[in-house]
Amino acid sequence: MQSNRPSHLRHNFIFNVLDGGFYGFGMYAASYQTVLPLFIATLTDSPLLIGLIGSIHFLGWQLPQMITVGHVARLRRYKSFVLLMTIQERVPYLGLMIIAIATPHISRDLALILAFIMIMWQGLGSGFTATGWQSMIAKIMPDEMRGTFYGTQSAVSQALGIGGALIAGFLLERLDSPWDYAACFAVASVGMAFSFFFLAQTRESEHEVEQTERVSFMDVLRSAKSILARDTNFRWFTIVRILAQIAMVAQGFFAIFALRRFGIQDDVIAGVMTTVLLVAQSLSNPLLGWLGDRFGHRYAVMIGVLAATGSAAAALFATGAGSFYVAFALNGVANAALWTTVLAMTAEFGKPSERPYYIGLANTLIAPTTLVIPVLAGWLVEQSGFEAAFLLSVVGGLLGLIVAFVRLQDPLPRQGRKIVRARAVGD
């Protein structure tokens with residue numbers, strides 16, 4: 001395939017890594033784990049609404065993916081679709097900047113509503129992009145280096161994200177509100193613009209498609225149902241991811257808990273602790289990608305679930321700032337494993353023509369958990385305190401680790417370092 005010729009492979013590797021790098025720079029300058037919760041906390045005191053920020057981000061990524069499957073499966077090239085859709089996940093940062101500037105002149109309730117509209121737009125934009133983008137990456141990156149690519153891309157994303165986080169911490173410390181948050185969102189917008197430029201340099205050739213006629217959404221659902229019925233291992237993969245989502249829900253409350261319980265300043269949380277998270281994530285990503293490519297992504301999934309559990313436990317038993325350095329560091333490892341590994345592992349299920357279906361299913365199936373669990377966690381915080389939500393994450397993580405160890409298998413088993421492609425789907 002032309003897209004996988006050595007020259008094109010190097011080109012695509014470099015430019016897509018740069019795309020991810022500047023996307024990470026922008027995203028962490030307006031981090032949904034620190035900056036956005038702190039900004040929303042200036043508009044509302046509700047832990048439930050603050051806790052929803054992370055879930056909206058993940059839900060927006062997950063929920064729409066099945067909607068685009070039928071269209072993506074008919075595409076001979078993915079790039080144009082990806083570029084059109086990804087604009088929708090970048091423009092909202094400009095909207096947030098304008099809202100932040102306007103906050104002294106409009107009511108808090110209106111600012112809150114507008115901010116959540118931008119957050120939802122950004123999340124949904126990423127979701128409508130996701131199936132096409134993952135299909136494009138799976139096409140232009142061969143099986144034996146897909147984990148390494150995702151790991152490298154994520155590592156560069158976190159490395160540049162450290163710069164974005166440090167800039168955010170500096171801006172929050174030096175500027176008066178609301179200019180501090182407006183500046184963070186402006187920096188995020190610049191990063192997103194550079195990211196788009198590098199993504200647009202992707203080289204992609206045409207490929208053959210089995211289905212050329214328009215596919216109805218009901219046909220997509222029937223095909224998805226057939227995949228779920230026959231692929232037992234994919235079902236266990238989905239269950240592990242659902243339990244991992246429960247383990248990860250605690251991270252949405254770390255910043256506010258550290259601020260309210262221990263008086264850790266917002267510039268320290270947004271700058272230093274986010275940097276700890278990103279350093280851990282950037283160091284873990286290439287290592288876990290390499291581990292998955294050589295020995296199977298199942299091991300990296302287990303490491304991620306274990307790290308998420310440990311992160312929640314560190315917050316649960318926190319005694320001061322030191323506990324949160326541990327929590328954010330383990331959270332970084334968990335983010336690396338449960339992003340890099342999931343992207344690479346999902347592309348190994350089924351045959352190439354089924355790949356958009358697996359990609360859509362892998363994310364849409366866990367969307368209800370992404371919505372319900374943070375709401376439950378926010379309710380637990382309101383009723384019993386932050387510790388109750390952290391305990392929920394620990395329990396979910398332990399269950400996920402058990403299921404991954406006992407039931408989950410690699411869809412493409414490895415013999416030493418070689419991928420064994422001949423396997424019976426659903427065994």
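Residue by residue, here is whether (1) crowded, with 24+ Cβ neighbours inside 10 Å; (2) of a type in the set (D, E, K, R); (3) in contact with a Ser or Thr (Cβ under 6 Å, 6 or more places away or on another chain); (4) under 26 Å from S126 (Cα atoms) holds:
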residue: T341; (1), (2), (3), (4): yes, no, no, yes
residue: P356; (1), (2), (3), (4): yes, no, yes, yes
residue: T364; (1), (2), (3), (4): no, no, no, yes
residue: P374; (1), (2), (3), (4): yes, no, yes, yes
residue: L392; (1), (2), (3), (4): no, no, no, no
residue: V395; (1), (2), (3), (4): no, no, no, no
residue: A404; (1), (2), (3), (4): yes, no, no, no
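Yes or no, residue by residue, for (1) touching a residue at least 60 places away in the same chain (Cβ under 8 Å); (2) touching a Phe, Trp or Tyr at 6+ places or on another chain (Cβ under 6 Å); (3) part of a helix (DSSP H, G or I):
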residue	(1), (2), (3)
L343	yes, yes, yes
E348	yes, no, no
E354	yes, no, yes
I359	yes, no, yes
A362	yes, no, yes
T369	yes, no, yes
I373	yes, no, yes
A377	yes, no, yes
Review point. Regarding E387, is this residue part of a helix (DSSP H, G or I), acidic (D, E) and under 27 Å from P47 (Cβ atoms)?
Key: yes
Review point. Is there a residue in the stretch 317-334 that is surrounded by 24 or more Cβ atoms within 10 Å (Cβ to Cβ), in contact with a helix residue (DSSP H, G or I) (Cβ under 9 Å, 6 or more places away or on another chain) and among the β-branched types (V, I, T)?
Key: yes
Review point. Taking only pairs six or more apart or across chains, which ones have beta-carbon atoms under 9 Å, a first residue in the stretch 216-233 that is more than 23 Å from D410 (Cβ to Cβ) and surrounded by 12 or more Cβ atoms within 10 Å (Cβ to Cβ), and a second residue that is modelled with pLDDT under 90 and hydroxyl-bearing (S, T, Y)?
Key: V220/Y357; S223/Y357
Exercise for review: Run down L84, L36 and say which single residue is hydrophobic (A, V, I, L, M, F, W, C) and surrounded by fewer than 20 Cβ atoms within 10 Å (Cβ to Cβ).
Suggested key: L84
Check your understanding: Within the stretch 401-420, can one find any residue that is among the small types (G, A, S) and either modelled with pLDDT of 80 or more or within 16 Å of the chain's Cα centre (by Cα) (or both)?
Key -> yes
Exercise for review: Take the stretch 337-361 and flag every residue that is closer than 14 Å to F149 by Cβ and not β-branched (V, I, T).
Suggested key: W339, L343, A344, M345, A347, E348
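The values are calculated or read from the model by the stated rules, or taken from the named source; none is laboratory data. Computed from a predicted structure; not experimentally measured. No Cβ is skipped: glycine too gets one built from the backbone with ideal geometry, and neighbour counts run over all protein chains shown.
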